[in-house]
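**Q** Below: one structure in structure tokens.
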Amino acid sequence: MHIETLDLLRCPYCGGRLTLVTSLFNQVSGDEIEDGILGCHCCIFPVVSGIPILHLLAASTAARDQVQAGRPDLARRIMFGLEDETQAERFDAVAGSETATYRDLVEALGPHFEGGYFLYRFSDPTFVVADAVVRAIARTVLAGGGRAVDICGGSGHLTRALLGLSPQPPVLADLYFAKVWLGRRFTAPGCEAICCDGNAPMPFARGAFRFAMCVDAFMYIWTKRQFVADLTRLVDGPGEAGAVMIGHTHNELVWCPSHGQPLSPAGYRDLFETIEPHIFGEAGLFTDVVNGGPLDLSRRDAEEVVNDDAALTIVASRRAEVFRPHPLDLPAQPLGELRVNPLYAAEAEGERVRFRLKFPSEDYEQEYGACRQYLPDTFVLDRAALAAIADGQVPPDLADFVRRRVLVDLPRKYY
Ligand SMILES: [Zn+2]
């Protein structure tokens, strides 16, 4: 972690500033803290592999003891949940390899770490909506400076949407160390990664950010009122007003197979005490994206529209420009590697290659089958087009393939 990142952080329990305890074991190189102990008015927290762990759950305190004992390698194993010696050694070997991919590391963490669908994450319907909303808001509120934070951001798939939209890198925060570690290395390279507990006060200073978001996780938070108060506190800084966004949260009024404790739209509205949120049904936003834009955040969905939608997006901001139609825009150049969407199986057809949409499982198709609205069943590319794509060039006649996620801009070394 950069030493200046300490300016953004506060102890979640006493609110005090955090500083490196130089009398205890630490490894600092230049302006980066690699391992060490941070102290506030009330307690101490470890930094492991450049990631501050700002909660007091069992793994954190065990890792802190190992850092204090001068064993950051063992602290890291604890944070990865690698209890078995053989598995830990295998993971360390993979993690130390320059050529290891995101997929290699997910596999080395064991079958319980992450579901198998991360390969397809960048084109699933939930993601394409959230990606469009995040880009639209971030471009608007970060245009004059400021920073963004992705809370409960997992391994940073949406943090990636924030790259390049602010002078300072985005912050990725999640309870799971392994996820933010992967996010920083692969998915959103250059982001600042932080471990914290979404059910505790957030470990950030008031006004540290201009955009604070939480996507596909809010229904799993129990302390929702505290969480929303904190989100708005995070963007309450001097200068231009910021924005908060809660993306893809489930609706209690519509049955859904996932767990969690969703609220009704009225329940979500009541969480916001100081600012009136705009609540969007996700179906309308999805239609905007499928149609190629604009993404119309000026819409005021009627009560029955939001009550009937299984998933909601909530945006609160005092910046009127947020609530307007936004053109859909993707980065002009790929951030990573341009690839044919891994949902397609390839078969040679003479000098050309035919691609067919092939879902990894029936479950996947059931949950994400709406992607058929932008992914064609089949298409053909010639060798020249494939070579250009491998080179990071989009042939002019295929520009629409990028928008429709037939071609995806994947992190380098993803799989
Ligand atoms: Zn404290």
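The values are calculated or read from the model by the stated rules, or taken from the named source; none is laboratory data. Here the structure is a predicted model, which means the values were calculated and not measured. Methodologically, a virtual Cβ is constructed for each residue, glycine included, from the backbone with ideal geometry; neighbour enumeration extends over all protein chains shown.
**Q** Quick one: in the range 1-19, of everything that is within 13 Å of the ligand (Cβ to nearest atom), outside any loop (DSSP other than H, G, I, E, B) and within 13 Å of Phe204 (Cβ to Cβ), which residue is farthest from the chain's Cα centre (by Cα)?
**A** Among residues in the range 1-19 that are within 13 Å of the ligand (Cβ to nearest atom), outside any loop (DSSP other than H, G, I, E, B) and within 13 Å of Phe204 (Cβ to Cβ), the one farthest from the chain's Cα centre (by Cα) is Arg17.
**Q** Okay, moving on. Please count how many residues of the range 41-89 are touching a helix residue (DSSP H, G or I) at 6+ places or on another chain (Cβ under 6 Å) and either at pLDDT below 95 or over 20 Å from Gly16 (Cα atoms) (or both).
**A** 15
**Q** For the range 128-140, state whether one or more residues are part of a loop (DSSP other than H, G, I, E, B) and within 23 Å of Leu182 (Cα to Cα).
**A** Checked against the condition, which is being part of a loop (DSSP other than H, G, I, E, B) and within 23 Å of Leu182 (Cα to Cα), the range 128-140 yields no hits at all.
**Q** Now for a separate question. Of the numbered conditions (1) in a helix (DSSP H, G or I); (2) surrounded by fewer than 17 Cβ atoms within 10 Å (Cβ to Cβ), Ile389 fails exactly one; give the number of that condition.
**A** All conditions pass for Ile389, except number (2).
**Q** Across the range 311-322, which residue is surrounded by the fewest Cβ atoms within 10 Å (Cβ to Cβ) among those that are touching a strand residue (DSSP E or B) at 6+ places or on another chain (Cβ under 6 Å) and not polar (S, T, N, Q)?
**A** This residue is Val315.
**Q** Do any strands (runs of 3 or more DSSP E) lying entirely in the range 204-287 carry at least 1 residues that are of a type in the set (S, T, N, Q), and which ones are they?
**A** Per the criteria, 243-250.
**Q** Against the conditions (1) within 16 Å of the ligand (Cβ to nearest atom); (2) under 24 Å from the mean Cα position of the chain (by Cα); (3) surrounded by fewer than 21 Cβ atoms within 10 Å (Cβ to Cβ), where does Thr99 fall short? Just the number, please.
**A** Unmet for Thr99, out of (1) within 16 Å of the ligand (Cβ to nearest atom); (2) under 24 Å from the mean Cα position of the chain (by Cα); (3) surrounded by fewer than 21 Cβ atoms within 10 Å (Cβ to Cβ): (1).
**Q** Which residues, counting only those in the range 156-168, are at pLDDT below 95 and either farther than 20 Å from Phe122 by Cβ or of a type in the set (S, T, N, Q) (or both)?
**A** Ser166, Pro167, Gln168
**Q** Tell me, yes or no, whether the range 64-83 has at least one residue that is outside any helix (DSSP H, G or I), free of Cβ contacts under 8 Å to residues at least 12 places away in the same chain and either among the acidic types (Asp, Glu) or within 16 Å of the ligand (Cβ to nearest atom) (or both).
**A** yes
**Q** Inside the range 296-368, counting only strands (runs of 3 or more DSSP E) that do not spill past its ends, which hold 2 or more residues that are of a type in the set (Gly, Ala, Ser)?
**A** Output list reads 311-317, 344-349.
**Q** Within the range 156-176, how many residues turn out to be surrounded by 24 or more Cβ atoms within 10 Å (Cβ to Cβ) and either among the polar types (S, T, N, Q) or over 11 Å from the mean Cα position of the chain (by Cα) (or both)?
**A** The total comes to 1.
**Q** Based on this model, can you work out whether Leu381 counts as at pLDDT 90 or above, in a strand (DSSP E or B) and touching a helix residue (DSSP H, G or I) at 6+ places or on another chain (Cβ under 6 Å)?
**A** no
**Q** Just wondering, is there one or more residues in the range 175-193 that are in a strand (DSSP E or B) and either among the hydrophobic types (A, V, I, L, M, F, W, C) or at pLDDT 95 or above (or both)?
**A** Yes, because at least one residue in the range 175-193 is in a strand (DSSP E or B) and either among the hydrophobic types (A, V, I, L, M, F, W, C) or at pLDDT 95 or above (or both).
**Q** Just checking, how many residues over the range 20-55 are without any contact (Cβ under 8 Å) to a residue 40 or more places away in the chain and within 16 Å of the ligand (Cβ to nearest atom)?
**A** The qualifying residues number 12.
**Q** Then there is this: Out of all the residues in the range 98-116, which are assigned to a loop (DSSP other than H, G, I, E, B) and either modelled with pLDDT of 90 or more or not aromatic (Phe, Trp, Tyr) (or both)?
**A** Glu98, Thr99, Ala100, Thr101, Leu109, Gly110, Pro111, His112, Glu114, Gly115
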